[in-house]
C-alpha cells in the first residue's frame, strides 16, 4: 500500500452496531428488578437512548475518499476531516478499525472504518500498514497489553 487512495462507501455494519446497542440497553432494563416507581425513569432513559440512536442512524452516509502514503500521512477527500499523521494507537479488529491521527495543529482525531466500507484487499492493506506503524514504535513507548 504505497501511496494509495481508498474509496470508502457507506457501511451496513454501522446500522447493525447501533441496533445492537439499542437492544442491549433495552435488555438491561428488562432484566433489572425495577419497582413500579422506577419504570417511569427507565422508560424516559430508554426513550432518550432510542431517540439518540435513531438520530445517529438517520445521518447521511456519504461515500468519501481516503489517501494514505507509506509515511502514514493521511488525507480525506469530500469530507470535513483534516489531513494529518497516522498515530500508532489505532485499534484493529476483524470487523472494524479505528484510525487515529493528528492534524498540523496537534489535535487528535479518530474515525471508525468498518470492513464493509472498503474492499477486502484494501482493508487488509490498511490494517497491515497500521500494524507496521505500531511495530516501528519503540518498545518502551508501547502502552498496549497485547
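The values are calculated or read from the model by the stated rules, or taken from the named source; none is laboratory data. All values derive from a computational prediction rather than experimental measurement. Methodologically, a virtual Cβ is constructed for each residue, glycine included, from the backbone with ideal geometry; neighbour enumeration extends over all protein chains shown.
The table that follows gives values for the structure above.
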{"quantity": "Hey, residue 43 touching a helix residue (DSSP H, G or I) at 6+ places or on another chain (Cβ under 9 Å), at pLDDT below 85, closer than 29 Å to residue 119 by Cα and in a helix (DSSP H, G or I) or not", "calculated": "no"}
{"quantity": "Residue list for the stretch 76-102, restricted to those being loosely packed, with under 13 Cβ neighbours inside 10 Å, on the phi < 0 side of the Ramachandran plot and in contact with a strand residue (DSSP E or B) (Cβ under 7 Å, 6 or more places away or on another chain)", "calculated": "95"}
{"quantity": "Members of the stretch 10-40 that are outside any helix (DSSP H, G or I) and in contact with a strand residue (DSSP E or B) (Cβ under 9 Å, 6 or more places away or on another chain)", "calculated": "11"}
{"quantity": "Residue within the stretch 51-62 that is modelled with pLDDT of 80 or more, exposed (fewer than 13 other Cβ atoms within 10 Å of the Cβ) and assigned to a loop (DSSP other than H, G, I, E, B) present", "calculated": "no"}
{"quantity": "Selected residue (criterion: surrounded by the most Cβ atoms within 10 Å (Cβ to Cβ)) from residues of the stretch 103-126 that are in a helix (DSSP H, G or I) and free of Cβ contacts under 8 Å to residues at least 60 places away in the same chain", "calculated": "123"}
